[in-house]
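This report concerns only the one structure given below.
The values are calculated or read from the model by the stated rules, or taken from the named source; none is laboratory data. Since this is a predicted model, take the numbers as computed values, not measurements. Backbone-built Cβ (ideal geometry, glycine too); neighbour counts: all protein chains shown. Ligands, DNA and RNA are stripped out before the accessible areas are found, and what is left, the full protein with its side chains, is counted by its heavy atoms. Shrake-Rupley method; radii C 1.70, N 1.55, O 1.52, S 1.80 Å.
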Amino acid sequence: RNLLDRDTFSKSDPICVLYTQAIGNKEWREFGRTEVIDNTLNPDFVRKFIMDYFFEERENLRFDFYDVDSKSPNLSKHDFLGQMFCTLGEIVGSQGSRLEKSIVGIPGKKCGTVIVTAEELGCCRDSVLMQFCANKLDKKDFFGKSDPFLVFHRSNEDGSFTICHKTEVIKNTLNPVWQAFKISVRALCNGDYDRTIKVEVYDWDRDGSHDFIGEFTTSYRELSRGQSQFNVYEVINPKKKGKKKKYVNSGTVTLLSFLIETEVSFLDYIKGGTQINFTVAIDFTASNGNPSQPTSLHYMNPYQLNAYGMALKAVGEIIQDYDSDKMFPALGFGARLPPDGRVSHEFALNGNPQNPYCHGIDGVMEAYYRSLKSVQLYGPTNFAPVINHVARYAASVKDGSQYFVLLIITDGVISDMAQTKESIVNASKLPMSIIIVGVGPAEFDAMEELDGDVVRISSRGKFAERDIVQFVPFRDYIDRSGNHVLSMARLAKDVLAEIPEQFLSYMRVRGIKPSPAPPPYTPPVHVLQTQI
């Protein structure tokens, strides 16, 4: 919208070029170009870009706009109209997966705005639950009646058929009722609602030479009308039909029920407005070492982030795309606080217990460094208070509109194991996940136990309803070459990879469906005034 006008006699002829960035070397690579739209400053580009999306990775994007002046594919031959930077997570995490952002890049000029929408290619995520019965099928067995079963085929582009489902055999009846079965729409008709589905009816024989009773064709669209007069099918045997003048049919098959089930995805909830709230808790116990010493895990090195800072930034920068207000509560535990030196296991890093929120990941970093200067590292290492702190918030919104992620960064020697397990078992019923990053050289056996990937965590005989803890040791990600960018991207990937599944398991158990996304943006139509 409102692009710069670079043409003297007419309006600009814009094109949009999308670039993606490699994680390691930060190099921008061209991903694709839209079509050129002639003579407009408000183009609606049609060409779509299809890219892979991973919640746990940060995908930087750059949209460059040019006014195309010739047929040359070389962009330097055209006028630059500005650019926009964002992440794929930012687009997906915006309300309705629609992001509107200013175009920048030409000093002193307003370059307009760009609207980017994203939609997940579910590639037809529906499955169908169907049940059929038959009446008056032909008798094929010499002694007794037939033993009927159905075989479903989907048609292919070239007119051939591929088998996609067989029902069970029902013995000795001409009026069978088969069990309901579930099949994905993709398998049934390749997601094409009008494609032919061929159904054959056979009489089962022990020796495998099943007798053909007859067949009929239908389509997903016809079946989706459900039980009705339209879904009673005559079973026809073409051979009999050709021979006998009086042949009517070899029985009928009736659709008894047809239920569509849609597999919902993590993005369906995000698009429907579910917010992910991110809280961080930092270990201020004395075992970390004195912050003024270079050996300390909390050492405030003016030239580079310490392990706490690196882990916080790596995870926070990805999650923040899914939190609309970008205000993050930041807590500390295991320190003595000024002025009276009392020990606290859940104190606000910004010094304001009523409002522990910090603005953006940078705000959290700032509050962390400020705290290091004012509190005294102490102990013991208690996790339960910060877990219960987030659990109190999570317990107050169980309707699926919010989900909470707590990041605990610790040097790992935990003092309240029993209480922590109890807190995690209780939290497993709430819309929350816990990420623990262990920094320093300690043995992290206790953390592995909390992770619960090998043995589901339990407390006083009660097992956690879902696995909500993900633990990683920071030392596994330290890059010997000193390239922290790649190693931190790997750390974030490993701790965040389980979150969408943990999120979905909460929503599924609670039967919470995604809210409908707001209606898609439609460009205003200019109505031409006509005179009567």
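Observations on the model:
- In degrees, nearest ten, helix 360-374 long axis to first principal axis of the chain (Cα): 30 degrees
- Here region 411-445 and region 91-121 have alpha carbon centers that stand 39 Å from each other.
- Taking all protein chains into account, the per residue accessible area for region 124-260 stands at 55 Å² (1.4 Å probe).
- Pairs with C-alpha atoms separated by more than 20 Å, drawn from the list Lys171/Lys240; Lys182/Lys271; Lys48/Lys101; Lys101/Lys326; Lys198/Lys241, are Lys171/Lys240; Lys182/Lys271.
- Listed values [x] 100, 72, 50; [y] 86, 60, 56; [z] 102, 79, 52, entry calculated as Cα extents along the principal axes in Å: [z]
- Only the Cβ atoms of Lys and Arg (+1) and of Asp and Glu (-1) were treated as charged; on that basis the dipole of region 53-100 about its Cα centre amounts to roughly 120 debye.
- Between Phe143 and Asp205, full extension at 0.36 nm per residue minus the direct alpha carbon distance yields a gain of 21.1 nm.
- Ranked by the mean number of other Cβ atoms within 10 Å per residue, highest first, peptides 105-114, 431-440, 264-273 order as 431-440, 264-273, 105-114.
- Antiparallel DSSP beta bridges within the chain, percent to nearest 5: 75 percent
- For the chain, the longest principal axis of the Cα atoms and the long axis of helix 417-427 meet at an angle of about 50 degrees.
- Contour excess over end-to-end distance, with Cα ends at Tyr53 and Arg221 and 0.36 nm allotted per residue: 57.4 nm
- Sparsely packed loop sites in region 195-294 (the GluC sites (Glu not before Pro) outside DSSP H, G, I, E and B with at most 14 other Cβ atoms within 10 Å) comprise Glu263.
- A straight line joining the Cα centroids of region 188-239 and region 248-284 runs 28 Å.
- Proximal aspartates and glutamates to Lys166, defined as alpha-carbon separation beneath 12 angstrom and excluding residues fewer than eight positions away on the same chain: Glu200
- Residues listed by number, region 109-150, amide nitrogen under 20 Å from Val177 label point at 7 Å toward C-beta: 129-138, 145-150
- Net charge of Cβ neighbours under 15 Å - reference Ile424; Lys, Arg +1; Asp, Glu -1: -2
- Gain on full stretching of the segment that runs from Asp194 to Asp5 - 0.36 nm per residue minus C-alpha separation: 63.4 nm
- Square roots of 5 times each gyration tensor eigenvalue, C-alpha, region 263-361, largest first, Å: 30, 17, 11
- Cβ-based charge dipole, the chain, positive-most Cα from Phe328, Gly93, Ala384: Gly93
- Nearest-ten-degree value, helix 307-319 long axis tilted from longest Cα axis of the chain: 40 degrees
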